[in-house]
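The values are calculated or read from the model by the stated rules, or taken from the named source; none is laboratory data. Computed from a predicted structure; not experimentally measured. All Cβ positions, glycine included, derive from the backbone under ideal geometry; neighbour counts span all protein chains shown. Areas reflect the complete protein model, heavy atoms only, side chains present, ligands, DNA and RNA absent. Shrake-Rupley method; radii C 1.70, N 1.55, O 1.52, S 1.80 Å.
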Amino acid sequence: MGLGLGLLGLYGTGALEDAELRIETAYYGNELADVEGALAEFAPWIEEVSDLSPDQFVEDITDDVVVWIDGAAEMGPRALGHRSLLGDPRSEKVKDLLNEYKHRQWWRPVAPIVLAEYAHEWFEQSRLSPYMLEAARVREDIRDKVPAILHLDGTARHQTITEKANPLLHRVIDAFRAATGVPIVCNTSLNDRGEPIVDTAAEALTFCVRKGIRIAYVSGRRVVLRQEADPARTVPSRPRPRAEELFAGQETDRDAIWRSWLERGYTEAALLLMTGTPQLLADTTTFTPHRVRLLAERVGGKDPGFAKGLEEFLRDNGPGAFFAAGPAPHRTP
């Protein structure tokens, strides 16, 4: 998230236009540095640790859910195959399990990870989608094969992965494809409701023990957890505490920055709109505080979803077009 905020700031100043920067994957977060310590700490709950086997992975994930944590964490708000709960997309039971683990509504589908080389056979979209940013229509003739990932309108918010970007996960999904004919697995972020996405092996194993998940893949190793709780051990009642001290002592600076924006003429609704529309920061000559405030009022600025429609309008028409075009663009619910 810190990298993303830094890039957003550079984008807003125009510095990225000439920068020699290439982001080829989402994996720029913390590396797994606590695997051995976590395995030792959770030894009372661990039945077996072995090397990854693609065939065993297929057996583990069939009609079930596994924890998958590997390499550097993802930047941004989504789990993209390094801090994930993975499941069988052919199974409605798996969708229900994932929603139960995360305390989500029963009807919510989960996003798919699909091997990039097969994506066009399953989705009506040819371009790659490595960051799970858009929904694509699932081909009608195969929808009944992957009910766990389907939205009501027949779409799914898919992520494509390549062997280069994520070799280990690509390898096991390809084994699943060879066994089932389906080059897709369910994917949702590895966290409970109200919990940040898991970052460490200890946080992942805490999640497993709390939720009763039997299989975790941790940095290329298969960890089998005991089905019966160790009576000498207390199951954690809450997620593992995070390093909140890293964010302590910033309140004074935070409040000063906030006041400076309000003093320049922005409103809370305008600031919310700006967080989703970097073009407003990139062209402060056109988008003065007064104009951004009016803009926020016209598009219903308390709904950050309106930023998407505004961003598309600015991209298609240019930054000065909005105020010459009459009514503001509205996002269809």
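Taking first residues from the stretch 48-66 that are over 17 Å from His170 (Cα atoms) and partners that are open to solvent by 60 Å² or more (accessible area, probe 1.4 Å), the Cβ contacts under 9 Å between residues at least 6 apart in sequence or on separate chains come to Val49/Arg221; Ser50/Arg221; Asp63/Arg90; Asp63/Lys93; Asp64/Lys93; Asp64/Arg214. Residues of the stretch 134-163 that are more than 18 Å from Ser91 (Cβ to Cβ) and free of Cβ contacts under 8 Å to residues at least 24 places away in the same chain: Glu134, Ala135, Ala136, Arg137, Arg139, Glu140, Asp141, Leu152, Asp153, Gly154, Thr155, Glu163. Condition check: within 16 Å of Val66 (Cβ to Cβ), without any contact (Cβ under 8 Å) to a residue 40 or more places away in the chain and of a type outside the set (Val, Ile, Thr). Does Gly249 satisfy that? When the stated conditions are applied, Gly249 does not pass them. Considering the stretch 128-153, and only residues there that are of a type in the set (Gly, Ala, Ser) and closer than 13 Å to Val110 by Cα, the residue that is farthest from the chain's Cα centre (by Cα) turns out to be Ala148.
In the stretch 123-137 there is at least one residue that is more than 17 Å from Leu85 (Cα to Cα), in contact with a Gly (Cβ under 9 Å, 6 or more places away or on another chain) and open to solvent by 80 Å² or more (accessible area, probe 1.4 Å).
Quick check, is Pro196 within 20 Å of the chain's Cα centre (by Cα) and either at pLDDT below 95 or among the β-branched types (Val, Ile, Thr) (or both)?
Working: within 20 Å of the chain's Cα centre (by Cα): yes; either at pLDDT below 95 or among the β-branched types (Val, Ile, Thr) (or both): yes.
So Pro196 passes the test.
Of all residues in the stretch 34-53, none are acidic (Asp, Glu), outside any loop (DSSP other than H, G, I, E, B) and open to solvent by less than 70 Å² (accessible area, probe 1.4 Å). The set of residues from the stretch 207-216 being more than 18 Å from Gln56 (Cα to Cα) and open to solvent by 10 Å² or more (accessible area, probe 1.4 Å) comprises Val209, Arg210, Lys211, Gly212.
Looking for something of a type in the set (A, V, I, L, M, F, W, C), within 17 Å of Leu98 (Cβ to Cβ) and in contact with a strand residue (DSSP E or B) (Cβ under 6 Å, 6 or more places away or on another chain) - is there at least one such residue anywhere in the stretch 218-230? No: the stretch 218-230 contains no residue that is of a type in the set (A, V, I, L, M, F, W, C), within 17 Å of Leu98 (Cβ to Cβ) and in contact with a strand residue (DSSP E or B) (Cβ under 6 Å, 6 or more places away or on another chain).
In this structure, does Ala204 turn out to be open to solvent by less than 70 Å² (accessible area, probe 1.4 Å), modelled with pLDDT of 95 or more and part of a helix (DSSP H, G or I)?
Numbers: open to solvent by less than 70 Å² (accessible area, probe 1.4 Å): yes; modelled with pLDDT of 95 or more: yes; part of a helix (DSSP H, G or I): yes.
Here the answer is yes, as Ala204 does meet what is asked.
Checking each residue in the stretch 74-109 for being crowded, with 22+ Cβ neighbours inside 10 Å and closer than 27 Å to Leu5 by Cα picks out Glu74, Ala79, Leu80, Gly81, His82, Arg83, Ser84, Leu85. Could you go through the stretch 236-259 and let me know if any residue there is open to solvent by 40 Å² or more (accessible area, probe 1.4 Å), among the aromatic types (Phe, Trp, Tyr) and modelled with pLDDT of 80 or more. There is at least one residue in the stretch 236-259 that is open to solvent by 40 Å² or more (accessible area, probe 1.4 Å), among the aromatic types (Phe, Trp, Tyr) and modelled with pLDDT of 80 or more. Mind listing whichever residues of the stretch 272-287 are of a type in the set (A, V, I, L, M, F, W, C), under 15 Å from Gly12 (Cβ atoms) and open to solvent by 20 Å² or more (accessible area, probe 1.4 Å)? Matches in the stretch 272-287: Leu281, Ala282. So for the stretch 217-227 (the condition being aliphatic (A, V, I, L, M), free of Cβ contacts under 8 Å to residues at least 60 places away in the same chain and surrounded by 14 or more Cβ atoms within 10 Å (Cβ to Cβ)), does at least one residue qualify? So far as the stretch 217-227 goes, no, none of its residues is aliphatic (A, V, I, L, M), free of Cβ contacts under 8 Å to residues at least 60 places away in the same chain and surrounded by 14 or more Cβ atoms within 10 Å (Cβ to Cβ).
If a residue must be touching a Gly at 6+ places or on another chain (Cβ under 9 Å) and not small (Gly, Ala, Ser), how many such residues does the stretch 144-169 contain? So the answer is 6.
How many residues are in contact (Cβ under 8 Å) with a residue 24 or more places away in the chain and more than 31 Å from the chain's Cα centre (by Cα) if we restrict to the stretch 256-286? Spell out how you get there, then give the answer.
So the first thing to find is which residues in the stretch 256-286 are in contact (Cβ under 8 Å) with a residue 24 or more places away in the chain, and the list is 264-267, 269-270, 272-273, 275-279, 281-283, 286.
Imposing the further condition that a residue be more than 31 Å from the chain's Cα centre (by Cα) reduces the set to 264-265, 286.
The number of residues fulfilling the criteria is 3.
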